[in-house]
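Novice: Here it is: the structure, laid out below.
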Amino acid sequence: MLKRIDDFFDSLFQATEPIPTGVYTYQAEPDAELPYKLHLRVESDGTGVLIINAKTVLHLNQTATEIAYYLVDGVNQDDIPAMLAGRYDVPINDAKKDMTAFMDKIDTLISTEDVDPVTYLDMDRVAPYSQKISAPYRMDCALTYRVSDGTAREAAPTERVSKELSTGEWKQLLANAYDAGIPHVIFTGGEPTIREDLNDLVLEAEELGLVSGVLTDGLKFADKKYMNQLLQSGLDHIMLLCQPENKQFWKALKNLMPEDIAVTVHITLKQDDMKKMDELLEKLAREEVCHLSISADDPSLRDALTAASQKAADLDMQMIWDMPVPYSNFHPVSVELKNADAEIPEGAGQAWIYVEPDGDVLPAQGVNKVLGNLLSDPWKKIWKHR
């Protein structure tokens with residue numbers, strides 16, 4: 001789940017000419033003790049959005065954005081205070097203190113497992129999706145609406161589109177997304193592993209500097225050769241749709257869990273599954289699953305959903321709620337907020353967008369309002385229409 005914290009600094013320096021707008025990326029060396037990816041998007045007013053490993057989103061004021069820009073650009077950290085002092089006409093010791101404070105926060109967010117930046121850094125959380133931004137944090141790409149054998153065809157909206165983009169067209173679409181400032185893509189469907197070019201598209205995302213994930217039934221990951229090829233292409237995370245009665249699902253999970261990749265398991269709670277839910281969660285915990293997504297297909301299961309969420313917490317599983325599944329508001333977080341009469345954060349068309357197999361952009365899956373086509377329409381036009 002994306003975490004957000006407020007501006008790093010108040011107005012420490014007098015504003016000066018902002019650094020160039022654009023998207024800048026940095027990836028730690030493969031042999032780094034803590035591998036990480038940074039994506040910095042600089043807005044036209046000099047403020048920025050820094051995304052760390054596709055999970056922590058920091059809204060930065062102009063000064064903090066400038067520090068992040070120098071870091072991503074490869075400037076030696078020891079040289080940055082002097083650059084700040086010169087540009088803002090402040091004592092170099094003040095610039096050094098602010099540089100140190102910034103780096104301490106970044107190092108904490110990179111190195112500490114599941115840190116809550118609100119508590120740990122003593123900062124106020126920005127209301128989710130409340131910031132005015134020039135592009136979403138994530139794009140969900142439905143590569144195909146075809147589904148695996150044995151899956152009901154109604155599981156995907158096959159009637160929505162009449163064609164699929166080619167490999168070259170998807171690569172161009174990914175480049176368009178990168179140019180728009182979108183740092184994170186998730187390949188979904190239908191079943192994305194049906195596309196023989198999935199590996200090529202993950203490689204393309206990696207070469208562009210995008211964080212990439214896949215939402216899949218996971219059955220092909222039962223084949224270690226296929227799994228390794230995809231992981232070596234630069235895939236950053238996986239969400240598996242739980243199929244507890246399918247032996248291939250468990251084999252795929254056993255193959256994936258020892259690997260150096262973040263895995264989330266999604267469960268759709270149904271009435272018939274209630275008696276087995278605790279047993280299923282315990283089995284997933286024994287497989288060392290740490291991240292879980294749960295939704296329900298019936299509002300009457302609200303209490304059961306809350307119970308399943310509590311059971312997952314007791315098993316030290318972290319709940320993920322704003323990934324492509326579920327798009328529905330009926331998940332543990334929404335239940336908790338509704339019970340507290342709190343507003344449910346709405347990220348569709350703001351924090352994320354959804355691209356259909358033909359390139360049409362929707363605010364989210366199931367929200368059938370076409371904003372434009374990312375292959376043929378200018379990004380500003382699409383973003384304005386949302």
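Novice: Take the residues in the range 352-375 that are of a type outside the set (D, E, K, R) and not in a loop (DSSP other than H, G, I, E, B); name whichever of them is nearest to I133 (Cα to Cα).
Specialist: Out of the qualifying residues, it is W352.
Novice: If you don't mind, another one. So, in the range 268-305, exactly how many residues are buried (at least 16 other Cβ atoms within 10 Å of the Cβ) and more than 24 Å from K251 (Cβ to Cβ)?
Specialist: Looking only at that region, the number is 6.
Novice: R87 versus (1) within 25 Å of A177 (Cβ to Cβ); (2) modelled with pLDDT of 55 or more: which is the lone unmet condition?
Specialist: (1)
Novice: When both residues are 6+ apart or on different chains and their Cβ atoms are under 7 Å apart, which pairs have a first residue that lies in the range 68-82 and is open to solvent by 60 Å² or more (accessible area, probe 1.4 Å), and a second that is not in a helix (DSSP H, G or I)?
Specialist: The qualifying pairs are D73/Y24.
Novice: For the range 42-64, give me each residue that is within 21 Å of M83 (Cβ to Cβ) and assigned to a strand (DSSP E or B).
Specialist: V42, G48, L50, L58, L60
Novice: Still on this structure, I have one more. Take the residues of the range 217-232 that are open to solvent by less than 10 Å² (accessible area, probe 1.4 Å) and either touching a strand residue (DSSP E or B) at 6+ places or on another chain (Cβ under 9 Å) or in a loop (DSSP other than H, G, I, E, B) (or both): which is farthest from H291 (Cα to Cα)?
Specialist: If we take residues in the range 217-232 being open to solvent by less than 10 Å² (accessible area, probe 1.4 Å) and either touching a strand residue (DSSP E or B) at 6+ places or on another chain (Cβ under 9 Å) or in a loop (DSSP other than H, G, I, E, B) (or both), then L230 is farthest from H291 (Cα to Cα).
Listed here are the residues, each with its yes/no results for (1) modelled with pLDDT of 80 or more; (2) part of a helix (DSSP H, G or I); (3) of a type outside the set (V, I, T); (4) farther than 17 Å from V49 by Cα.
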residue	(1), (2), (3), (4)
I106	yes, yes, no, no
D114	no, no, yes, yes
D124	no, no, yes, no
D149	yes, no, yes, yes
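Novice: Of all residues in the range 191-216, which are assigned to a loop (DSSP other than H, G, I, E, B) and buried (at least 24 other Cβ atoms within 10 Å of the Cβ)?
Specialist: E191, L210
Novice: Starting from the range 157-179, keep only residues that are in a helix (DSSP H, G or I), then list their pairs with residues that are aromatic (F, W, Y) whose Cβ atoms are within a distance under 8 Å, requiring at least 6 positions of separation or different chains.
Specialist: Short answer, once both residue conditions are applied: T158/Y145; R160/Y145; N176/W379; D179/W379.
Novice: Considering only the range 33-47, state which residues are out of contact with any strand residue (DSSP E or B) (no Cβ under 9 Å at 6 or more places or on another chain) and on the phi < 0 side of the Ramachandran plot.
Specialist: Answer for the range 33-47, where residues must be out of contact with any strand residue (DSSP E or B) (no Cβ under 9 Å at 6 or more places or on another chain) and on the phi < 0 side of the Ramachandran plot: E33, L34, S44, D45.
Novice: Now a separate question. Taking into account only those residues within the range 351-381 that are in contact (Cβ under 8 Å) with a residue 40 or more places away in the chain and in contact with a Gly (Cβ under 6 Å, 6 or more places away or on another chain), which is most open to solvent (accessible area, probe 1.4 Å)?
Specialist: Among those residues, the one meeting the criterion is L375.
The values are calculated or read from the model by the stated rules, or taken from the named source; none is laboratory data. The shown structure was predicted, so the numbers you read here are calculated from the model rather than taken from an experiment. Every residue, glycine among them, receives a Cβ derived from its backbone with ideal geometry; neighbour counts consider all protein chains shown. Note: areas computed on protein heavy atoms with side chains; ligands, DNA, RNA excluded. Shrake-Rupley method; radii C 1.70, N 1.55, O 1.52, S 1.80 Å.
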